[in-house]
Amino acid sequence: MARNYDSRKRTLVTGGAGFVGSHLIDRLLERGNEVLCVDNLFTGARRNIAHLHNHPRLEFLRHDVTFPLYVEVDEIYNLACPASPIHYQHDPVQTTKTSVIGAINMLGLAKRLKVPILQASTSEVYGDPAIHPQEESYWGNVNPIGVRSCYDEGKRCAETLFFDYHRQHGLEVKVARIFNTYGPRMHPNDGRVVSNFVVQALAGQPITIYGNGAQTRSFCYVSDLVDGLMKLMDSPAEVTGPINIGNPVEFTIRELAEEVIRLTGSSSELIEMPLPQDDPKQRQPNITQARAKLGWEPTVPLAQGLPPTIEYFAGLTDRG
Ligand code: NAD
Ligand code: UDP
Ligand code: UDP
């Protein structure tokens, strides 16, 4: 995207053809921005942005962020990275490269252009947390050599790079630690708990609870997350984060299964399967900082966010 004399803001979204990125692009376009979507389509899909086909203010570039990128933009959202355990463990070396080399390239781009850059970090930087709920000052409990490490440590190193570019080069950085998010356009086979349970319930197959289902997660609807990311990008330069963005209402995995069954009217049974390695037992964001610094908090409860998500998965099933 070349700089032009239009006064519109030009926003680069890496990972823009993914689940979160495509919703972010919808909102940026609604607001009037020009958007450059950069994605290598590893886990993303053209269908996530197909409804924007021929949009006059959207440009798509198929590109891998582990390679340098020379474009002209006014702000950068760096979302490129596979996010579900199945996807990020498929090629773990590439996952670390995407987080680390991808961050270096996007930070280099931001440095040359002197523009703000937001990193989609993750609650996984807290690992299997020893404190609960997790606040930003907690340094985390991460296994550096386990099967989740390519993602967790890659994201941790990316955070390090963001804060070193900030300190060393005066770059305006924004780091969001995103907690479990769900909604339409999630990948149906990404193995995440919401997609698995909804797909299983709709197909009348057993709902696969890993372990005894007593582990907890807090689920944020995608529109709330996007709202939080945009508020963070638009916040004053001194608000660098890291800042938790997530829904603090905590559910056990068994409660989630029961809610999905209730809302789908499914007759699926619940079955227990082995718990994956390093599976965190509890996860709940402390969002005091997001409330205070961004005036943000989630507005969509699980019972309201699940129906459109179920409708989306049902639509995929209908189309085969
Ligand atoms: P997603 O897999 O749907 O989207 C990631 C996108 O990045 C995909 O479109 C993929 O093709 C693209 N991508 C991957 N590697 C790339 C590379 N090397 N170069 C260019 N593009 C590449 O995942 P998502 O759920 O939309 O997650 C978006 C971001 O948010 C990720 O950085 C993820 O780590 C972070 N995050 C998501 C969640 C969540 O619950 N969804 C939680 C915490 C953090
Ligand atoms: N980079 C990029 N686009 C740019 C500027 C830089 O992709 O517009 C990449 C470049 O390949 C470099 C990386 O970002 O390897 C880091 O850039 P930086 O200026 O920090 O480091 P240097 O170029 O000095 O190694
Ligand atoms: N999980 C489950 N059944 C599934 C998929 C996941 O019980 O079919 C559990 C998983 O073990 C974890 C929780 O649900 O405790 C959330 O898993 P997910 O992969 O969605 O996200 P993450 O572990 O990264 O938070």
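For the reader, a short list of remarks on this structure follows.
- If you wrap the stretch 106-257 in the convex hull of its Cα atoms and look at it from every side, the mean projected area works out to 10.3 nm².
- Taking M230, M273 and counting other C-beta atoms within 10 Å, the order from fewest to most: M273, M230
- Percent of Cα pairs exceeding the 24 Å cut-off, where the set is the stretch 40-162: 34 percent
- When D26, D74 are sorted by how many other C-beta atoms sit within 10 angstrom of their C-beta, beginning with the fewest, the order is D74, D26.
- Normalised contact order of the chain, rounded percent, pairs of Cα under 8 Å and 6 or more residues apart: 17 percent
- The shape of the stretch 201-251 can be summarised by an equivalent ellipsoid whose semi-axes, obtained from the alpha carbon gyration tensor, come to 33, 14, 7 Å from longest to shortest.
- Relative contact order for the stretch 1-130: 26 percent, from Cα pairs under 8 Å spaced at least 6 residues apart, divided by residue count.
- Sum of side-chain charges, D39 neighbourhood, beta-carbon under 11 Å (Lys, Arg +1; Asp, Glu -1): +1
- When H132, H166, H23 are sorted by how many other C-beta atoms sit within 10 angstrom of their C-beta, beginning with the fewest, the order is H132, H166, H23.
- Ranked from largest, the principal axis spans of the Cα set of the stretch 6-318 equal 55, 45, 38 Å.
Bear in mind that the values in this text are calculations on the coordinates, not laboratory data. Computed from a predicted structure; not experimentally measured. No Cβ is skipped: glycine too gets one built from the backbone with ideal geometry, and neighbour counts run over all protein chains shown.
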